[in-house]
Amino acid sequence: MILINPLTALSAGMLGGGVLLGYMIGSAAVNFQQVNEINRLNSEVKNREELIEQERSNVQNHKQFIRTKDTLARRFCDQYFKSEKK
């Protein structure tokens, strides 16, 4: 039977505990960095989606504006040429 000096056992236990604690702190730091990066990327995606939706709305507004101008121009031309023919 091998007897271990109590001081050696205590040192080994503290070393093992320190290694375990360091590993846990390192894992937490990596997870924290990953969470921050994920949040940043999600925020960027949300901003881009909002910008895309805004641009789609601008395109639809522009199309409606063009349709309105086209309709008014057709009405004007119809009225102008009808009065010219008479």
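The values are calculated or read from the model by the stated rules, or taken from the named source; none is laboratory data. Keep in mind that this is a model prediction, so the values were computed, not measured. Every residue, glycine as well, gets a Cβ built from its backbone with ideal geometry; the counts of neighbours run over all protein chains shown. Surface areas here come from the heavy atoms of the whole protein model, side chains and all, with no ligands, DNA or RNA. Shrake-Rupley method; radii C 1.70, N 1.55, O 1.52, S 1.80 Å.
Could you count how many Lys pairs in the chain have their Cα atoms under 28 Å apart, skipping same-chain pairs fewer than 8 positions apart?
Working: K46/K63; K69/K82; K69/K85; K69/K86.
Within the chain, the lysine pair count is 4.
Report in % the part of the accessible area of the range 6-86 that belongs to carbon and sulfur, leaving out ligands and nucleic acids; probe 1.4 Å. Please report the intermediate quantities before stating the final value.
Details: 4710 of 7550 Å².
About 62 percent, which is the carbon plus sulfur part of the accessible surface.
Take the alpha carbon atoms of the range 1-61, find their radius of gyration, then divide it by 2.2 N^0.38 Å using N residues; give the quotient.
2.49
Suppose every Lys and Arg Cβ carries +1 and every Asp and Glu Cβ carries -1, with no other charges. What dipole size does the chain come out with about its Cα centre, to the nearest 20 debye?
Around 1000 debye, computed over the chain.
Quick check for you: with a 1.4 Å probe and neighbouring chains kept, what is the accessible area per residue of the chain, in Å²?
Values: 8280 Å² over 86 residues.
Per residue, the chain has an accessible area of 96 Å².
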